[in-house]
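Notes follow once the structure below has been shown.
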Amino acid sequence: MTAATDTTTTPGGSARTSTAPAPAERAAPDPTAPLLPVVGHDTLVPLVDGRQVTYSNLDVAASAPALESVAERVAETLPLYASVHRGAGYLSQVSTALYEASRRAIGDFVGARAEDLTLITRNTTDSLNLLAGCVPADPATGAPGRVLVLDVEHHANLLPWQRLTDATVLTGGTTVADTLAQVRDELADGAGTGRPYVLLAVTGASNVTGESLPLADLVGAAHEHGARIVLDGAQLVPHRRISLADSGVDYLAFSGHKTYAPYGAGALIGRRDWLDAGTPYLAGGGAVRRVRTGETDWHDGPARHEAGSPNVIGAVALAAACEALAALDPDLVRAHEGALRRRLVSGLESIDRVSVVRVWDDAVDPVGVVTFTVAGYDPGLVAAYLSAEHGIGVRDGRFCAHPLLGRLGFDAGAVRASVGVGTAGEEVERLVAAVRTLVTDGPQAQYDVVDGLWVVVDDPRPVPEGSGLAGLLATAAAGYLADVAVCLPDEV
Ligand SMILES: Cc1ncc(COP(=O)(O)O)c(C=O)c1O
């Protein structure tokens with residue numbers, strides 16, 4: 001892929017006009033050029049003024065497009081797809097082998113130890129709920145195990161602990177150093193009172209700011225006080241290499257749809273003993289050795305928690321994404337993302353009335369997730385404007401991190417832009433220019449709040465046409481934006 005301009009007025013087809021110079025004239029490589037091609041990088045979307053532009057997907061932290069190599073692997077797999085595990089047919093055996101090989105590839109990608117289990121789940125939420133059900137109770141009293149979690153977490157790494165364990169939520173400080181000290185003190189207090197924490201649950205990278213606490217310090221603090229550590233890798237794994245074996249992290253959860261494999265699979269990888277002893281996550285076929293009407297003998301290993309027909313295609317897709325990311329030079333990924341992020345932050349901060357959100361003043365090496373506010377504009381309006389007038393997709397709201405947004409004073413929400421291996425520098429430039437235009441000229445279209453969602457008044461944008469999806473979309477064509485509003489949960 002090359003650097004590109006985004007102008008076109010023709011519906012359908014590719015929109016990117018290459019502006020890349022011929023190889024002979026090329027100077028230093030552009031560090032913001034996409035590293036891997038993603039499906040849909042050239043998809044056209046309509047604007048309210050009737051033009052069409054290539055979609056700029058700056059919402060990859062919510063869900064990332066498939067890598068082209070992942071989509072190709074899925075297409076290769078579909079003709080081989082058949083029932084797995086108990087099927088005697090040839091393709092059943094091929095599909096079973098593909099599923100189990102994918103499991104191994106996913107575990108290998110995150111440096112699973114030989115004795116670790118790799119479970120195929122639906123996503124990070126699923127993985128963390130599964131693990132929460134396996135946290136051992138206090139052997140003396142039978143009380144639920146104690147889990148320490150910070151208030152910076154996504155709800156997926158907060159609510160499962162609160163529901164299924166004895167969770168303490170620590171309000172972090174404004175610096176990494178301060179927050180780490182609080183974590184250490186709390187773990188030490190727990191151990192000192194004879195009710196030690198058994199688990200520290202922490203994000204690998206914030207879904208609000210991309211920032212993180214230093215992993216080695218967290219692992220050291222947890223282990224020093226007899227606790228294990230689970231890393232919410234939803235925002236980390238798509239951006240940075242992580243090895244369980246090298247880091248000492250006990251459990252890691254992540255999502256395929258954020259890792260360029262949006263086919264419904266995620267993963268939980270980690271120490272076997274809790275998982276083998278824990279209550280099977282789902283009760284049903286495949287998780288059992290033998291069932292009588294009054295007695296069930298459950299499997300151990302991955303099968304224990306994977307009842308029901310597994311998502312073979314999702315696992316194959318996730319393994320393919322892992323393979324593609326593993327083949328990238330980590331320094332190149334860091335340089336690409338760092339350049340995009342620096343441009344985003346400096347561009348946004350150079351605009352009057354725009355502030356970039358930070359959790360910790362001294363955080364280092366944040367991933368490509370940047371949240372900002374525009375004084376005088378509701379975040380929902382900013383997001384609607386970016387979509388309707390510039391064809392840019394971002395996220396607004398409180399990012400399923402209500403405690404953090406509340407503590408930082410953003411109960412009204414904010415706007416989040418996120419970048420990944422498929423993002424081009426020009427997409428970031430488009431966003432910065434569009435926000436600048438908003439501040440200088442204001443929005444050109446009329447917007448209103450319908451059912452809590454900012455929408456364009458009398459939105460003229462058509463639903464996508466010209467594919468097999470037209471029939472499905474036609475059922476919503478009369479008011480698909482209204483349908484979107486109805487489908488949106490309150491928790492944004
Ligand atoms: C940090 C973090 N953790 C967990 C989740 C939940 O991921 P999923 O919706 O794939 O379960 C998200 C999703 O945005 C996230 O950003």
ask   = Is it fair to say Val202 is open to solvent by less than 30 Å² (accessible area, probe 1.4 Å) and either assigned by TED's automatic domain parsing to the domain that holds Pro403 or farther than 15 Å from Ala112 by Cβ (or both)?
value = yes
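Residue-wise test of (1) over 30 Å from Leu78 (Cβ atoms); (2) open to solvent by 60 Å² or more (accessible area, probe 1.4 Å); (3) assigned by TED's automatic domain parsing to the domain that holds Phe109; (4) touching a residue at least 12 places away in the same chain (Cβ under 8 Å).
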| residue | (1), (2), (3), (4) |
| --- | --- |
| Ala253 | no, no, yes, yes |
| Gly270 | yes, no, yes, yes |
| Gly294 | yes, yes, yes, no |
| Ser309 | no, yes, yes, yes |
remark   = Apart from one, (1) more than 28 Å from the chain's Cα centre (by Cα); (2) within 16 Å of the ligand (Cβ to nearest atom) all hold for His154; the odd one out is (1)
ask   = Hey, any hits in region 419-427 for a residue that's open to solvent by 40 Å² or more (accessible area, probe 1.4 Å) and either away from the ligand (no atom under 16 Å from the Cβ) or within 21 Å of the chain's Cα centre (by Cα) (or both)?
value = no
request  = Taking Ser212 as the residue in question, decide whether it is under 30 Å from Asp329 (Cα atoms), in contact (Cβ under 8 Å) with a residue 12 or more places away in the chain, surrounded by fewer than 24 Cβ atoms within 10 Å (Cβ to Cβ) and among the hydroxyl-bearing types (Ser, Thr, Tyr).
outcome  = no
query = Out of the residues in region 397-406 that are surrounded by fewer than 23 Cβ atoms within 10 Å (Cβ to Cβ) and either assigned to a strand (DSSP E or B) or among the hydrophobic types (A, V, I, L, M, F, W, C) (or both), which is farthest from the ligand (Cβ to nearest atom)?
reply = Leu405
ask   = How about region 372-396: which of its residues are open to solvent by less than 20 Å² (accessible area, probe 1.4 Å) and small (Gly, Ala, Ser)?
value = Gly380, Ala383, Ala384, Ala388, Gly391, Gly393
query = Checking Val53 against (1) more than 16 Å from the ligand (Cβ to nearest atom); (2) open to solvent by 10 Å² or more (accessible area, probe 1.4 Å); (3) aliphatic (A, V, I, L, M), which test does it fail?
reply = (2)
request  = Please go through region 239-261 and pick out each residue that is near the ligand (Cβ under 10 Å from one of its atoms) and out of contact with any Leu (no Cβ under 6 Å at 6 or more places or on another chain).
outcome  = Phe254, Ser255, His257, Lys258, Thr259
task = Answer yes or no as to whether Arg86 is open to solvent by 20 Å² or more (accessible area, probe 1.4 Å), closer than 30 Å to Arg341 by Cβ and at pLDDT below 95.
result = no
ask   = If only one of Val176, Val135, Val110 is surrounded by 24 or more Cβ atoms within 10 Å (Cβ to Cβ) and away from the ligand (no atom under 15 Å from the Cβ), which one is it?
value = Val110
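The values are calculated or read from the model by the stated rules, or taken from the named source; none is laboratory data. Here the structure is a predicted model, which is why all the values come from computation and not from measurement. Every residue, glycine among them, receives a Cβ derived from its backbone with ideal geometry; neighbour counts consider all protein chains shown. Each accessible area value is taken on the protein alone, full model and side chains, heavy atoms only, with ligands, DNA and RNA left out. Shrake-Rupley method; radii C 1.70, N 1.55, O 1.52, S 1.80 Å.
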